[in-house]
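Notes follow the structure.
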Amino acid sequence: MTRRIAAGAYSLTMIAETGERFSDFAPYVAAIDDRGIVVYSATLTQGGSGVFRNDGTRVEMVADSASGAFHEVCSHPDADAAGSVCFYAEDETGTAALYGAHGGEVIALSDAAGPLGPTVNAEGTIAFRAPLPTGGEGVFSSRAGNVATIADTDGDFGAFYGLPVVDGAGRVVFRADDRDGREGIYAHDGDRVGVVVGADARFSGLGLFPFVNDAGTIVFCGELQAGGAGVFLASAGTIATLVDTNAGFESFRGALLSGTDALVFYATPTGGELGIYTGPDPERDCLLAIGAALFDSSVTDFALNPVSINGTGHLAIRVALENGRQLILRADPDHRAIGVSPPLLPPR
């Protein structure tokens with residue numbers, strides 16, 4: 001039976017839990033498409049693993065290791081508007097590759113896959129990291145089965161971090177260091193790679209998980225040369241501060257932005273525990289935090305990343321509870337309460 005609770009301007013719906021069918025969701029996050037359907041990977045109680053889709057009323061198997069197409073899922077999934085799902089999986093030798101699933105068919109889209117997992121936009125353009133035959137690493141895109149190199153360590157870059165993310169136009173945004181170790185957030189527009197922001201006179205460090213929404217607006221976390229840290233927005237060549245340590249936070253881990261510019265970020269308030277926030281007030285705007293009471297227990301861990309928000313601001317969150325249960329939750333925004341354009345964002 002579906003269970004829901006209120007959480008400020010959101011309601012939380014339990015999509016899945018460990019128990020009879022699922023034994024583990026960790027360490028992977030859940031994704032959510034623009035219809036509000038949650039897609040997640042799980043280890044099965046009876047053995048094996050798979051990728052599942054749930055609209056809040058029923059569970060659908062997307063891909064299962066028992067099919068023989070792969071040996072074990074090894075990343076989060078993501079889904080496009082047509083319902084196609086991409087994810088990493090290993091074969092029996094432990095070699096990871098990028099897979100796609102649609103209509104009951106599972107196929108390998110690349111012969112290699114890197115850490116964490118892929119991202120995909122509504123039109124089906126996938127961005128992912130993968131090792132190179134030379135021993136380095138690269139960022140790649142895949143569209144209709146055609147894989148293209150975006151950037152690699154054989155070229156101008158020394159290392160890549162986090163997830164490459166892709167906007168509605170197919171622009172791929174990623175976090176990397178250049179060959180001299182300088183940090184940067186970069187974007188590939190289909191023709192060339194350009195610098196969005198670098199660690200310079202303003203920033204001493206950049207977060208590992210920049211995010212871009214379908215409209216191409218980028219949000220990211222950064223540490224400041226002058227001290228402190230914050231969440232920042234990059235758009236049209238300008239950078240704006242959305243929230244920083246002056247608001248009562250001591251550190252920021254990541255930020256997400258819906259298609260309607262609703263900001264969600266995960267941060268640690270001063271003297272507090274890591275939480276998910278929908279505004280600059282650490283008390284009023286907390287959606288979920290470690291130590292919070294939830295479903296007859298308390299939260300000991302949670303996880304989300306750039307695949308965990310959709311265009312209308314719904315979230316998919318993996319949660320671990322003190323009683324040993326793990327949950328996949330969908331957070332549904334009450335737009336009557338939070339509006340569609342929070343005052344954190346600068347006017348366009």
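Okay, here's what the table says:
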quantity	calculated
With all protein chains modelled, accessible area of SER251 [1.4 Å, Å²]	50
Residue-wise HN-Hα coupling along region 216-226, computed from phi with Karplus coefficients 6.51, -1.76, 1.60 (Hz; x: Gly, Pro)	x, 7, 9, 10, 7, 9, x, 9, 9, 4, 7
5 angstrom amide H check on LEU287, placed H, neighbours 5+ away	ILE276, TYR277, THR278
In sequence order, calculated HN-Hα J values of region 328-333 (Karplus, 6.51, -1.76, 1.60; Hz; x Gly/Pro)	10, 10, 10, 9, 9, x
Sequence-distant residues sharing a close amide H with PHE203 (under 5 Å, placed H)	GLN225
Pair HIS71, ASP156: separation of 7 Å Cα→Cβ label points (nm)	3.9
Under-5 Å amide H pairs with GLY168, H placed in peptide plane, nonlocal only	ASP214, ALA215, GLY216
Cleavage-rule hits (GluC sites (Glu not before Pro)) in region 7-94: DSSP loop, at most 14 neighbouring Cβ within 10 angstrom	GLU20, GLU92
Accessible-area composition of the chain, carbon plus sulfur, in percent [1.4 Å probe]	48
Per DSSP, loop trypsin sites (Lys or Arg not before Pro) in region 23-65 with at most 14 further Cβ within 10 Å	ARG35, ARG58
In region 143-183, trypsin sites (Lys or Arg not before Pro) in a DSSP loop with at most 12 other beta-carbon atoms within 10 Å	ARG179
Relative contact order (percent, whole number), region 197-284, Cα cutoff 8 Å, 6+ residue spacing	21
Rounded FRET efficiency, nearest 0.05, which uses the C-beta distance separating GLU322 from GLU92 and R0 of 35 Å	0.45
3J(HN,Hα) from dihedral phi, region 285-299, Karplus parametrisation 6.51/-1.76/1.60, rounded to Hz, x for glycine, proline	9, 7, 8, 7, 8, 4, x, 6, 5, 7, 6, 6, 8, 9, 7
Per residue solvent-accessible surface (Å²) - the chain, probe of 1.4 Å	42
Protection proxy ranking, peptides 287-298, 109-120, average beta carbon neighbours within 10 Å, highest first	109-120, 287-298
For the chain: relative contact order, % (alpha-carbon pairs under 8 angstrom, 6 or more apart)	14
Inter-label distance for GLU283 and ASP191, nm, one decimal - labels placed 7 Å from Cα along Cα-to-Cβ	5.3
Label selected from (i) 75, 44, 37; (ii) 54, 51, 31; (iii) 58, 55, 38, the criterion being Cα extents along the principal axes in Å as computed here	(ii)
Spin-label pair ARG143/GLU273, simplified geometry with 7 Å Cα→Cβ offset, distance in nm	4.5
Spin-label zone in region 164-180 - amide nitrogen under 14 Å from a point set 7 Å from the Cα of ALA81 along the C-beta vector	167-170
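The values are calculated or read from the model by the stated rules, or taken from the named source; none is laboratory data. Since the structure is predicted, the reported quantities are computational estimates derived from the model, not experimental observations. Cβ atoms come from the backbone with ideal geometry, glycine included; neighbour counts cover every protein chain shown. The protein model used for the area step is the full one, side chains on, heavy atoms only, and it has no ligands, DNA or RNA in it. Shrake-Rupley method; radii C 1.70, N 1.55, O 1.52, S 1.80 Å.
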